Amino acid sequence: MTTTKESDEDRAKRPDEYELYIMRHGIAVMRGPATMMDDAKRPLTPEGKQKMREIAAGLANAGMEVDWIVSSPLVRAVQTAEVVSEELKSQPPLDQCDALRPDGAPEAVITFLAKRSNRRRVLVVGHEPDLSQLAARLIGAGRNANMSFKKGGCCLVTFTEFPPKSAGRLMWWLTPRVMRKLG
C-alpha cells in the first residue's frame, strides 16, 4: 500500500536534511480607498481564515511537521502562521522576521533563519513577489524564473546544509486547492 505521508523511517534516512516550507499568506481584506486601512494591518477575511484552516489540515494530513514558523510581521501573515500552527500536532513556536515584509531581501531571510539552523523543519510565511524570488534563489532558478504563489500556496525546498552553499531541491509546489483536497 502506498501513502502520501512520509514515515518516520523515511525521515530518519536523511536526518541532516533541512526542510524549508515557503507559504504565501491567506486571503486578506482588500486594500483601497473604501477601507482606508494601513496595509500592514490588513487581516485575513473570514473566508481567508477558513481556507487556511483547510490548507493547514491538508498539509498536516500529508505529514507536514515543522520545528519553527517565521512570518512577516504584517497582520495577514501572522494570522496565517497562527492558523497553520494550530493545525499542526507539534504546535511549533512562532517568530516574526522583518526581512519577510514586502520588499524584503532573500539574503536577509536566509541570514535570519541561519541563526537557528538547529531548527531543521521551518515554515516561512510572507508576501509576493518576494517569496517567489526567495524560492527561485534557493533552487538556483535565478531572478527571471516564472514562479508565483497563490494566496495560501506553499512549496517545500530541501537542503543538505543551511545556510545553503548550493541550490536546494524543490520537492513540491502546491496550489491552495490541492492542499485543501488533501485535508
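Tabulated data for the structure shown
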quantity	calculated
Pairwise FRET efficiency - Leu94 versus Met37, Cβ, R0 = 22 Å, nearest 0.05	0.45
Listed pairs Lys51/Lys115; Lys41/Lys165; Lys115/Lys181; Lys89/Lys151; Lys51/Lys165 exceeding 30 Å between Cα atoms	Lys51/Lys115; Lys41/Lys165; Lys115/Lys181; Lys51/Lys165
Packing-based ranking, highest mean first, of 146-159, 122-135, 91-104 given that Cβ atoms within 10 Å are counted	122-135, 146-159, 91-104
Global geometry of the chain, whether rounded, prolate or oblate, following the gyration tensor of its Cα atoms and the 1.5 cut on a/c	oblate
Label-point gap, in nm, between Thr175 and Glu17 - each point 7 angstrom along Cα→Cβ	2.6
Accessible carbon and sulfur surface of the stretch 59-106 relative to its total accessible area, %, 1.4 Å	43
Solvent-accessible area per residue for the chain (1.4 angstrom probe, square angstrom)	53
Cα lying deepest toward the dipole's positive end in the stretch 84-183, options Cys155, Met171, Gly142, charges on Cβ	Met171
Computed accessible area, Thr175, all protein chains, 1.4 angstrom probe, square angstrom	60
Fluctuation leader among Gly168, Gly142, Gly48 - the chain, Gaussian network, Cα springs under 10 angstrom	Gly142
Compactness of the stretch 116-183 - radius of gyration and Dmax, Cα, Å	12.5, 35
Spherically averaged projected area of the stretch 63-148 from its Cα convex hull (nm²)	5.7
Mean Cα-pair separation over length for the chain, i.e. relative contact order, pairs under 8 Å, 6 or more apart, %	31
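The values are calculated or read from the model by the stated rules, or taken from the named source; none is laboratory data. Because the structure is a prediction, the values reported are computed rather than measured. Positions of Cβ are backbone-derived with ideal geometry, glycine not excepted, and every protein chain shown enters the neighbour counts. Keep in mind that these areas ignore ligands, DNA and RNA; they rest on the heavy atoms of the full protein, side chains included. Shrake-Rupley method; radii C 1.70, N 1.55, O 1.52, S 1.80 Å.
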